[in-house]
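**Student:** Supplied in structure tokens, the structure appears directly below.
Just so it is clear, none of the values below were taken in a lab; they were calculated from the coordinates. Nothing here was measured: the structure is a model prediction, and the numbers come from that model. Note that each Cβ is placed from the backbone with ideal geometry, even for glycine, and that neighbours are counted across all protein chains shown.
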């Protein structure tokens, strides 16, 4: 796996992306050369043909990203991939037609876009078929043995087997062994691996109780023999994008890489989030009168809704949103999470929530400094008090400013249960541990996709 923006990506997915970018670019270059044989050099070098084709390539990759064509969990579904690929090509054709009608000078060449799109259709289908065949070859797969038993080891094994894009084959794990696991039994397994019985490239240790059962000498022999030996916590973090709170010790949080923010990083991060919030607020200004009018006509009460939330270091602040519920929404129930088809939500409120327009006033909270654009979602004090008792390390999420969007929001659904809160905390811990400007920009990019596709709203 390769680490970009402090997030791990399968090498195969990056190869797929880079290969696809080259194919898209070359297809449109070829289309221009075939369509304009005599003027192709002039169109490419003098009239910025290469730059125009690069822009078209970015559009194709953007549509592919929106349709989850680079999602590692979907790469194994052959017909689903073909269907999504054809949808992408269809939308690209519509986009190029619209641009060609309104601004024909923006497109590369004289009618070469259509030729490039035809070439691209066949080359992309061929590339996807070749890629699917290539990644299934045994010599391109890494053989892994998982040393451990219990739920944590089972989650690791399942996660590795379900993510075919990782290029990993789990050849076995000690959870398959019947009876009580002893040190001698573990040592015998490792001796077999050392002799090359399974051709193992990597051993991942996921033992819940290592005292008296972890064969250190045998693991050292494997390490010196060229086999990689790693711990399960780091691998679970890599493949899931979250830090599991079960069996997580305070010492790990203390000594783990990350969870540190330099003064320079804090200043640059504040400038980035302030700038994004300011630009977002300026872009939203034309919509504000329409939203205010719609709320006024739909139900009685104030347009804005003010609510206490817990911010950095546990400081309580007021968070502002456009009102999406009845004024008496919590008179009888008290503080409660929103649910599916919540009867308290107004008709206009449903639209505002699904489009995320109700979040616009929170941009003011970012400008004030109570929030960042990206960070853990701020919770109400009543919920924080309860969740802190039920979920270990829940208070760690208050190390940073809360955000309008965040790693948990783009990776997980809207949560309204204790289990959902625990799951989202694990994503928040990953974000806090790996915080960077690149990760913030990645989350912003993912948020645009989610908002446009209307995913995860509540």
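**Student:** What is the calculated FRET efficiency for residue 65 to residue 302, with r their C-beta to C-beta distance and R₀ = 30 Å, to the nearest 0.05?
**Tutor:** 0.15
**Student:** Which percent of Cα-Cα pairs in the range 188-310 sits in each 5 Å bin, short to long?
**Tutor:** Final binned percentages: 2, 7, 10, 10, 10, 10, 8, 7, 7, 7, 6, 5, 4, 4, 2, 0.
**Student:** I've got another one for you. As an exercise, use a Förster radius of 22 Å and the Cβ-Cβ distance of residue 417 and residue 393 to find the FRET efficiency, rounded to the nearest 0.05.
**Tutor:** 0.75
**Student:** OK, next. At a Förster radius of 35 Å, what calculated FRET efficiency corresponds to the Cβ-Cβ distance of residue 98 and residue 318, to the nearest 0.05?
**Tutor:** Taking R0 as 35 Å, the efficiency between residue 98 and residue 318 is 0.20.
**Student:** Place a label point 7 angstrom from the Cα of residue 386 along the Cα-to-Cβ direction, then list the residues of the range 393-435 whose backbone nitrogen is under 15 Å away.
**Tutor:** Hits in the range 393-435 for residue 386 at 15 Å: 415-422.
**Student:** Separation between the residue 449 and residue 142 pseudo-spin-labels, each 7 Å from Cα along Cα→Cβ, expressed in nm?
**Tutor:** Going from the residue 449 label point to the residue 142 one covers 2.3 nm.
**Student:** I would also like to ask the following. How big is the antiparallel share of DSSP beta bridges in the chain, given as a percent to the nearest 5?
**Tutor:** Roughly 40 percent of the beta bridges in the chain run antiparallel, per DSSP.
**Student:** Something else now. Using the count of nearby Cβ atoms within 10 Å as a rough guide to exposure, how do 433, 368, 389 rank from fewest to most?
**Tutor:** Fewest-to-most Cβ neighbours within 10 Å comes out as 389, 368, 433.
**Student:** Order of 58, 319 from fewest to most other C-beta atoms within 10 Å?
**Tutor:** 58, 319
**Student:** Now for a different question. Is it possible to state the helix-based mean residue ellipticity at 222 nm for the chain, with each DSSP H run of 4+ residues giving -39500 (n - 2.57), the sum divided by total residues, to the nearest 500 deg cm²/dmol? What is it?
**Tutor:** The per-residue figure over the chain is -17000 deg cm²/dmol.
**Student:** On to the next question. Could you calculate the contour length gain from residue 256 to residue 42, that is, 0.36 nm times the residue separation minus the distance between their Cα atoms, to one decimal place in nm?
**Tutor:** Gain in length upon complete extension: 71.4 nm.
**Student:** If you compute mean projected area of the Cα convex hull in nm² for the structure shown, which of (1) 24.2; (2) 27.5; (3) 49.1 do you land on?
**Tutor:** (2)
**Student:** Want the number for residue 54 to residue 344: 0.36 nm per residue separation, take away the alpha-carbon distance, what's left?
**Tutor:** So the chain would gain 99.6 nm between residue 54 and residue 344.
**Student:** Could I ask something else about it? Expected output is a single nm value to one decimal: the length gained when fully extending between residue 245 and residue 283, i.e. 0.36 nm times separation in residues minus the C-alpha distance. What is it?
**Tutor:** Once the chain is fully extended between residue 245 and residue 283, it gains 9.7 nm.
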